[in-house]
Amino acid sequence: MPLTRASLARRMRRVGLAAVAVATAVVSTLVLAAPASAATYRYDCRRLSGNGSYSHPLALGNVTGRTVVAVNCPPLTSGAGYAHRYFSFTLTRPARVPSYAGASFALNAGRRSAVNPSLSRGPYTVMHTGAGLWTYNRSGVANGRYLPLGPLPGGGVLAAGTYRLDLQKLDSPLRSLSTPWFDVVVAVS
């Protein structure tokens with residue numbers, strides 16, 4: 001059920017306030033949707049430039065005022081070098097409310113490990129995966145994890161610049177071997 005821009009902004013503000021009050025992960029039942037006025041660009045994740053490493057992230061390009069979706073990203077698996085995949089994107093101006101970045105996926109009995117986002121700029125972590133907001137399908141199964149870019153959990157919005165989105169498979173509490181295939185979504189109004 002898509003939300004209107006105004007209702008999503010209200011929910012993101014509420015979730016942002018809750019994230020400040022609760023220093024751990026925030027559980028939310030938001031259904032994130034791109035603003036109706038924003039253009040959506042879809043790319044095959046496996047055809048993006050870069051190799052997905054820390055020093056050569058997969059490039060999503062400029063995302064200000066639009067939604068960029070990288071579809072069909074291969075699963076993240078346990079083992080050195082495979083539990084993280086990095087993406088880069090550039091904001092040409094500060095993010096507006098509502099804006100978010102993260103991953104959508106489908107969990108099931110064989111793929112119980114979520115794709116968890118964190119955000120950095122250069123060597124500095126801007127937002128750890130603990131600030132991620134969960135989304136759920138109608139059956140109550142988690143189907144995404146996103147970081148709010150506007151409003152940020154501590155207030156304000158993400159400034160203009162180039163950022164690295166780290167998508168990772170966490171070892172615990174679920175010790176599965178792999179995440180599901182996933183889509184990367186960066187929506188900046």
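The values are calculated or read from the model by the stated rules, or taken from the named source; none is laboratory data. Predicted model, so just to flag it, every value in this text is computed and none were measured. Don't worry about glycine lacking a Cβ; one is built from the backbone with ideal geometry, like all the others, and counts go over all protein chains shown. Accessible surface is based on the protein model in full, side chains and every heavy atom, while ligands, DNA and RNA are left aside. Shrake-Rupley method; radii C 1.70, N 1.55, O 1.52, S 1.80 Å.
Among the residues of the stretch 104-124, are any at negative phi, exposed (fewer than 13 other Cβ atoms within 10 Å of the Cβ) and either outside any loop (DSSP other than H, G, I, E, B) or modelled with pLDDT of 95 or more (or both)?
yes
Which residues, counting only those in the stretch 145-177, are at pLDDT 90 or above, at negative phi and not hydrophobic (A, V, I, L, M, F, W, C)?
R145, Y146, P148, G150, P151, T162, Y163, R164, D166, Q168
Name the single residue, out of those in the stretch 178-189 being open to solvent by less than 40 Å² (accessible area, probe 1.4 Å) and modelled with pLDDT of 90 or more, that is farthest from A103 (Cα to Cα).
This residue is V188.
Just checking, does the stretch 139-146 include any residue being hydrophobic (A, V, I, L, M, F, W, C), open to solvent by 10 Å² or more (accessible area, probe 1.4 Å) and more than 22 Å from V71 (Cβ to Cβ)?
Among the residues of the stretch 139-146, not one is hydrophobic (A, V, I, L, M, F, W, C), open to solvent by 10 Å² or more (accessible area, probe 1.4 Å) and more than 22 Å from V71 (Cβ to Cβ), which makes the answer no.
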